[in-house]
């Protein structure tokens, strides 16, 4: 079966925020030069939702507000699958665990076996939904990406140990927020960074979630649980 590579896929991205009250920094890595999507760019850990993500058992679930906002402007409730994808991608690309000690009630899906072997169940409670963006038309890959902010204190183990990471991202490092724009970033990452920098010291959920919707006909900058943002002249 041929898969349309330009079809919009649901995806999840994790913004790990460390030492938010004193010297906030975020975890980023560089995509490979031969990557089909955003080659050489510095990005947050993340990727597409897998079919098995919808069946994953959690130690803790998403906060109600987060789940409700994820359901807005969505045909189906993807909240659990998106939370699972965020945690799985964080594990695969960085080797860091967002979870609680526990045994899986049944055999984990193949993509989750290495996570389960560490003795943890994924924990969705620390995920805070802060941004959503659809990749513009004409790109080799298109994603409907939900960005989750996570306080690094919720991660298990050593925050500087990337020894279990895959090779999908290189140069994994904690970047002070004020220095992040010195890196080669995708446009949408710069937009998200501005949002995170503005509220790095506030642990509360945002009043509304920005949604950058790129369609064939037009591009809209909306607010989930809010009002459309005024367009620049």
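Read-outs: derived from the displayed coordinates by stated rules, not from any lab. Just so it is clear, the model here is predicted, and its values are computed rather than measured. Note that each Cβ is placed from the backbone with ideal geometry, even for glycine, and that neighbours are counted across all protein chains shown.
Quick look at the values:
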| read-out | value |
| --- | --- |
| For segment 82-123 versus segment 54-68, the gap between their alpha-carbon centres in whole angstrom | 14 Å |
| Sorted by Cβ density within 10 Å, fewest first, the residues 82, 96, 193, 169 | 193, 169, 96, 82 |
| Likely footprinting exposure, 28, 78, 118, fewest C-beta neighbours within 10 Å first | 118, 78, 28 |
| Ranked 42, 129, criterion: other C-beta atoms within 10 Å, fewest first | 42, 129 |
| Contour excess over end-to-end distance, with Cα ends at residue 218 and residue 72 and 0.36 nm allotted per residue | 50.6 nm |
| At R0 = 30 Å, FRET efficiency that the Cβ-Cβ distance of residue 100 and residue 141 yields, to 0.05 | 0.35 |
| Computed lengthening from residue 21 to residue 201, 0.36 nm per intervening residue step minus Cα-Cα distance | 64.3 nm |
| Convex hull per residue volume in Å³, alpha carbons only, for segment 119-233 | 169 Å³ |
| Full-stretch length increase - residue 179, residue 154 - with 0.36 nm per residue and alpha-carbon distance subtracted | 6.6 nm |
| Share antiparallel - DSSP beta bridges, segment 1-130, percent rounded to 5 | 90 percent |
| Rg/Rh ratio calculated on Cα atoms of segment 8-203 (Kirkwood radius) | 0.93 |
| Residue-averaged [θ]222 nm for the chain, counting only DSSP H segments that reach four residues, each worth -39500 (n - 2.57) | -5000 deg cm²/dmol |
